[in-house]
């Protein structure tokens, strides 16, 4: 029988990596709470329409990357490829308009069928923050500041660069779209197959093309900044001034875009050079038309998501597991007493395991190999005397300690 392996693009997570990823989530939760965010958990699968309607049939996510299937009831279901659409669906489904503004944080697995890459798998994990309601640029500053606070808390302040751009309002976007189509139509015979398709469905996505021939054409393409109206310029200026005031460093990247029509104004990405070509660790933007596109009320929104695997790989956060205490009961009375000792120590917050097989020497050897901090030996005679033998596995010293003093002795 061949060895069972996880499906391509998936993997098992345990040990130091699992602790590091948990630390990223816990840090995110702590930082986001200081900004007034509350937890929201959405299902990992939704009716396909939840993602297809806002993302569009022609988007790469819908056409190439979504895990879509028909369930036993004949419903078309999709594993979530991103959080935002599901959070907005939940906003509509639960009638949360009366609770605006909504500051919502989520985390968990997401699924995309694409070539596995460093820090990015077909099942990967994200943290996600959404702010629904406010339309003014000051709240864009708040959201970017939240992301920057998180990255600093993870020790990544000197490892990432914030790329910032404006997509303008709908009027500006349409003017820019027309200019792009006019420009690229002149080079249609030189565009890649994907970009020719995008020319009629989503021309802004051509600017994201990885094709080398497309990149040469994009270098001379019109800039969005050349097509911004006064309102869009003022909006972006306010965001920049706010980031300057709060001390968030950034670079204006005029080629940074979002291809979907509901995105407006602010777009941003925190990028690192320490993970190779795939260097985006956190990205987001304003999406004022999304909830309306899903059939809900006209409600503005801005959000971002970060890859937990990538953040964990880059982070300096301490992830060492607490060293355990190993109980070594000997005899029937010692075995029974060990249950109450373990309960007392766990209640005090310690990691406790028990080794109940083999002679004393073998058990102590196993405890040392497992990097345990202490061994507590409890024999029948110890139970009768009301004491246990506490052995320091680092120094080798041991002492007799009363059962009711064990918690204090370990703490000391």
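The values are calculated or read from the model by the stated rules, or taken from the named source; none is laboratory data. If you're wondering where the values come from, they're calculated on a predicted model, not measured in any experiment. Here the Cβ positions follow ideal geometry from the backbone for every residue, glycine too, while neighbour counts run over all protein chains shown.
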Answer from 204, 275, 216 - the residue that is part of a helix (DSSP H, G or I) and crowded, with 19+ Cβ neighbours inside 10 Å: 204
Evaluation of residue 303 against (1) part of a helix (DSSP H, G or I); (2) closer than 30 Å to residue 102 by Cβ (one fails), failing number: (1)
Selection status of residue 119, crowded, with 16+ Cβ neighbours inside 10 Å, on the phi > 0 side of the Ramachandran plot and modelled with pLDDT of 95 or more: no
Segment 68-101 - residue that is outside any helix (DSSP H, G or I) and touching a residue at least 40 places away in the same chain (Cβ under 8 Å) and, of those, farthest from residue 41 (Cα to Cα): 100
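Residue by residue, here is whether (1) crowded, with 16+ Cβ neighbours inside 10 Å; (2) part of a helix (DSSP H, G or I); (3) more than 43 Å from the chain's Cα centre (by Cα) holds:
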site	(1), (2), (3)
349	no, no, no
364	yes, yes, no
372	yes, no, no
378	yes, no, yes
388	yes, no, yes
407	yes, yes, no
Single residue of 305, 333 found to be surrounded by fewer than 21 Cβ atoms within 10 Å (Cβ to Cβ), in the same structural domain as residue 105 (by TED's automatic domain parsing) and touching a residue at least 24 places away in the same chain (Cβ under 8 Å): 305
Subset tally (residues that are without any contact (Cβ under 8 Å) to a residue 60 or more places away in the chain and under 30 Å from the mean Cα position of the chain (by Cα)) for segment 206-236: 8
Those residues of segment 139-165 which are in contact with a helix residue (DSSP H, G or I) (Cβ under 6 Å, 6 or more places away or on another chain) and either in a helix (DSSP H, G or I) or not assigned by TED's automatic domain parsing to the domain that holds residue 41 (or both), in sequence order: 140, 141, 145, 149, 150, 153
